[in-house]
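S.K.: Mind looking over this structure? Questions follow.
The values are calculated or read from the model by the stated rules, or taken from the named source; none is laboratory data. Note that the structure is a prediction, hence the values are computed from the model and not measured. Positions of Cβ are backbone-derived with ideal geometry, glycine not excepted, and every protein chain shown enters the neighbour counts. For accessibility, only protein heavy atoms count, side chains too; no ligands or nucleic acids. Shrake-Rupley method; radii C 1.70, N 1.55, O 1.52, S 1.80 Å.
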Amino acid sequence: MPDPSSVPSRRVALSAVLLGLILGAHTALETARDAMFLIELPVTWLPLAYASVAAAALATTALVERIRVRFARRRSLMVLSAILAVVAPVNGVFWWGLARTSTA
């Protein structure tokens, strides 16, 4: 493991700034997502939505761990990339369809 004192302070500062910007953007996007959700659905559905997201995250974590254990590192990355290549367009079609039904 490299000695932390050997890392140039400029790199550390830039990394800290980048992390702060990423966290800020993530927070802003979450707020916008929640606002858009609440425009379409009643507030009473918010706990169900968060519980559903948590359940999906747990299921995804279990799936990724099974793939990681079953395949070698390089092959598991290929398998996960293939899954993402299939899921991402499906997600895009879902949001496109949702946008069409909400504006109609």
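S.K.: For Leu46, what charge total do you get from the other residues with a beta carbon under 15 Å from its beta carbon, if Lys and Arg give +1 and Asp and Glu give -1?
M.R.: For residues surrounding Leu46, the net value is -2.
S.K.: Continuing with this model, one more query. For the stretch 27-96, with all protein chains present and a 1.4 Å probe, just round the carbon and sulfur fraction of the accessible area to a whole percent.
M.R.: 74 percent
S.K.: Let me ask you something else. Quick one: accessible surface of Trp45, probe radius 1.4 Å, all protein chains present, in square angstrom to the nearest 10.
M.R.: 130 Å²
S.K.: For Ile83, Ile67, Ile22, Ile39, write out the residues from largest to smallest accessible area, computed with a 1.4 angstrom probe and no ligands counted.
M.R.: From most exposed to least exposed: Ile39, Ile22, Ile83, Ile67.
S.K.: Between Ala85 and Ala54, what FRET efficiency follows from the Cβ-Cβ distance if R0 is 35 Å, with the result rounded to 0.05?
M.R.: Given R0 = 35 Å and the Cβ-Cβ separation, E is 0.90.
S.K.: Provide Ser52, Ser9, Ser76 ordered by accessible surface of protein heavy atoms (probe 1.4 Å), highest first.
M.R.: Ser9, Ser52, Ser76
S.K.: For every helix of n ≥ 4 consecutive DSSP H residues, a contribution of -39,500 (n - 2.57) applies; sum these over the chain, divide by its total residues, and give [θ] at 222 nm rounded to the nearest 500 deg cm²/dmol.
M.R.: -30500 deg cm²/dmol
S.K.: Rounded, prolate or oblate, given the Cα gyration tensor of the chain, with a/c below 1.5 counting as rounded?
M.R.: oblate
S.K.: Work out, step by step, the length gained on full extension between Leu14 and Val64: first 0.36 nm times the residue separation, then minus their alpha carbon distance; give nm to one decimal.
M.R.: Contour length minus the Cα-Cα distance gives 14.9 nm.
S.K.: Roughly how many Å is it from the Cα centre of the stretch 53-68 to that of the stretch 17-46, as a whole number?
M.R.: What the calculation gives is 22 Å, centre to centre.
S.K.: Trp96 versus Phe37, label points 7 Å from Cα toward the beta carbon: distance in nm?
M.R.: Rounded to a tenth, the inter-label distance reads 2.5 nm.
S.K.: Still on this structure: Over the chain, give the accessible area per residue in Å² for a 1.4 Å probe, as an integer.
M.R.: Heavy-atom accessible area per residue stands at 88 Å².
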